[in-house]
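For reference, the structure discussed in these notes is given below.
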Amino acid sequence: MLSDLTFRIAPHSFQFLTGPSGAGKTTLLRLLFLALKPTRGRVTLFGSDTATIKAADMPALRRRIGVVFQEFRLLDHLTTYENVALPCRVLGQSESQYKADVVDLLDWVGLGDRKFVYPPVLSGGEKQRAAIARALITKPEFLLADEPTGNVDPTLARRLLRLFYELNRLGTAVVIATHDIGLMEQVDARRMVLTDGRLEIYE
Amino acid sequence: MKRPAKPAAAPAPRPPVTGRSAIVPPQTIAGRALVLVIAIMTFLAGLTIVGVSVVEDAARAWRSDIGREVTIEVRPMDGTTPAAEVQKAVALAQEFPGVSGARALSDTETQRLLEPWLGAGVDLGSLPVPRLIVVSLDDPAAFDVKALAAAVAKDVRGGSVDDHALWIDRLAAMANSTVFAGLGILMLMLIAMVLSVVFATNAAMAGNRDVIEVLHFCGAEDRFIAGEFQRHFLMLGMKGGAIGGGLDFVAIAVLSYLMHGAAGRPGADQYEALFGVFSIGWTAYGWLVALVVAVAVLTATTSRFAVRRSLAAIT
């Protein structure tokens, strides 16, 4: 699927990953968030080789990475609020520790009045925003987003992009996979273009 | 949630009451069936405990009743008057420490004892029937049966002592084997319960694959995920255990009522002779409560173990 790729994502950097559908964007992201292991080659995350990393060390590494899935992957039996709060619960925080942050973030992504609604009744755009909020809530060092603006109107897409940009300014390295040219034109950022499994980088 | 929910545009499946719902969706676990299995197993295990306790109490009562008596038998010998020998034996036994009294069975009592074999109205004088002396003990520890046996053998012609040791041994063997069988049954039931919990956990893991994956990507440690499943199974175990244990208490109440109500009816004497007055000691109640707790803990730890094993397989 992917071959002969060499690149580095610098800390605090911001980049788009783009290319036609089926070019391997999602596969590359899956390699980056430890859902896949390369059949050949080496992926190094925060200085550890993913091929040799021990299962017990995976959670600590994953906590430094935020992921927005293309298919959202919200848990249907939890409310929007609970879905966004999930990473905090995983970290062992009590509700009083994360409640204010979760509520603020939900307001910011425009889901303030959808806090106690379950994902099955959310629209595609609302699910997407909930998924983004869940990835951002713990302020990860590295954020991977797969088509994060695919289901929202251009105005909201700009707003979400600003959210990613703000996060980047606070120190998070951001990779946004998208084929929305309009979105990419709004930010002067590094572009990684995947075509037929090969990568070209435009700084 | 203390914070009031703002009205949602679309109706929610249920009104939110907390900001911390169970991460493992309760309805995806075959909960009701498992609760039922656990309840049945607990009920049967509880009945086993009750049965074992009744048998053990009865055996202890038999042993102490029989252990508080020894019998001196005086066989009629040529050239002796049985009555005189019996008198001698009674006098001898009464002297012994730990003995509260010695009494020869009267002719009428002896006749009644022999009635099932020889029929009514036996002429004891015409038969070489041994005479029996019942020696009651008030302090079995102070009583030395060997010394009495030696004294009787020496001074009473045709006399011998029976301390019922044979009977006590047989009763003990019977009671012990019942207790062991009960414990064996208990173990088998607990093993069967553990296995059903393992199956239920594996099914729950398979049904919640997406939840587990999302938790993994949020950086959840296996310990955290196992804890979430364990909490759920602990609740199921407690529920099943409580239902089974509760049914045990009901069964005990019903049995006591029936046994009590049976007094005077045919068969009641036999029950009572076997088991004494049907009553369950406080220790048995204690064991029942311990069983319920043990079932809940066992369910939770089993599911934790099963979850961690299948998580290890996933990663």
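The values are calculated or read from the model by the stated rules, or taken from the named source; none is laboratory data. Bear in mind the structure is a predicted one, so any value in this text is a computation, not a measurement. Cβ: placed from backbone, ideal geometry, glycine included. Neighbour counts: every protein chain shown. Keep in mind that these areas ignore ligands, DNA and RNA; they rest on the heavy atoms of the full protein, side chains included. Shrake-Rupley method; radii C 1.70, N 1.55, O 1.52, S 1.80 Å.
For residues that are part of a loop (DSSP other than H, G, I, E, B), in contact with a Lys or Arg (Cβ under 9 Å, 6 or more places away or on another chain) and more than 22 Å from residue A:2 (Cβ to Cβ), tally how many sit in the range A:153-186. Write out each step before concluding.
Let us first name the residues in the range A:153-186 that are part of a loop (DSSP other than H, G, I, E, B), namely A:153, A:170-172, A:178-180, A:186.
When the remaining residues are screened for being in contact with a Lys or Arg (Cβ under 9 Å, 6 or more places away or on another chain), the result is A:170-172, A:178-179, A:186.
Narrowing the set further to residues that are more than 22 Å from residue A:2 (Cβ to Cβ) leaves A:170-172, A:186.
So the count comes out to 4.
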I need the full set of residues from the range A:187-203 which are more than 12 Å from residue A:16 (Cβ to Cβ), assigned to a strand (DSSP E or B) and either open to solvent by 70 Å² or more (accessible area, probe 1.4 Å) or not β-branched (Val, Ile, Thr) (or both), in order please.
A:198, A:199, A:200
Answer from B:91, B:120, B:147, B:141 - the residue that is modelled with pLDDT under 80, over 36 Å from the mean Cα position of the chain (by Cα) and exposed (fewer than 13 other Cβ atoms within 10 Å of the Cβ):
B:120
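Let's see how each residue does on (1) within 13 Å of chain A (Cβ to nearest Cβ); (2) open to solvent by less than 10 Å² (accessible area, probe 1.4 Å); (3) out of contact with any Ser or Thr (no Cβ under 8 Å at 6 or more places or on another chain); (4) closer than 16 Å to residue B:308 by Cβ:
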position: B:186; (1), (2), (3), (4): no, no, no, no
position: B:194; (1), (2), (3), (4): no, no, no, yes
position: B:207; (1), (2), (3), (4): yes, no, no, no
position: B:223; (1), (2), (3), (4): yes, no, yes, yes
position: B:234; (1), (2), (3), (4): no, no, no, yes
position: B:242; (1), (2), (3), (4): no, no, yes, no
So, in the range B:123-136, exactly how many residues are open to solvent by 70 Å² or more (accessible area, probe 1.4 Å) and touching a residue at least 12 places away in the same chain (Cβ under 8 Å)?
1
Can you name every one of the helices (runs of 4 or more DSSP H) wholly within the range B:65-165 that holds 2 or more residues which are touching a Phe, Trp or Tyr at 6+ places or on another chain (Cβ under 8 Å)?
B:145-155
Taking the range A:49-66, which residues are open to solvent by 60 Å² or more (accessible area, probe 1.4 Å), charged (D, E, K, R) and either more than 7 Å from every other protein chain (Cβ to nearest Cβ) or on the phi > 0 side of the Ramachandran plot (or both)?
A:54, A:57, A:64
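Can you tell which of A:46, A:69 is surrounded by 21 or more Cβ atoms within 10 Å (Cβ to Cβ) and either modelled with pLDDT under 90 or among the hydrophobic types (A, V, I, L, M, F, W, C) (or both)? Step through it out loud before you land on a result.
Details: A:46 fails: surrounded by 21 or more Cβ atoms within 10 Å (Cβ to Cβ).
None of the others qualify; the one that does is A:69.
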Out of all the residues in the range A:130-152, is one or more surrounded by fewer than 21 Cβ atoms within 10 Å (Cβ to Cβ), among the hydrophobic types (A, V, I, L, M, F, W, C), under 13 Å from the mean Cα position of the chain (by Cα) and closer than 29 Å to residue A:1 by Cα?
yes
Scan the range A:67-106 for residues that are outside any helix (DSSP H, G or I) and facing another protein chain (nearest Cβ under 7 Å) and jot them down.
A:67, A:73, A:75, A:77, A:78, A:79
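Inside the range B:174-184, can you point out the residues that are open to solvent by less than 60 Å² (accessible area, probe 1.4 Å) and either without any contact (Cβ under 8 Å) to a residue 12 or more places away in the chain or charged (D, E, K, R) (or both)?
Step one: list which residues in the range B:174-184 are open to solvent by less than 60 Å² (accessible area, probe 1.4 Å), which gives B:175, B:178-179, B:181-182, B:184.
Matches in the range B:174-184: B:181, B:184.
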Only one residue in B:217, B:199 is among the hydrophobic types (A, V, I, L, M, F, W, C), within 14 Å of chain A (Cβ to nearest Cβ), farther than 16 Å from residue B:297 by Cβ and open to solvent by 10 Å² or more (accessible area, probe 1.4 Å), so which one is that?
B:217
Residue in the range A:22-34 that is in contact (Cβ under 8 Å) with a residue 60 or more places away in the chain and either hydroxyl-bearing (Ser, Thr, Tyr) or facing another protein chain (nearest Cβ under 8 Å) (or both) present:
yes
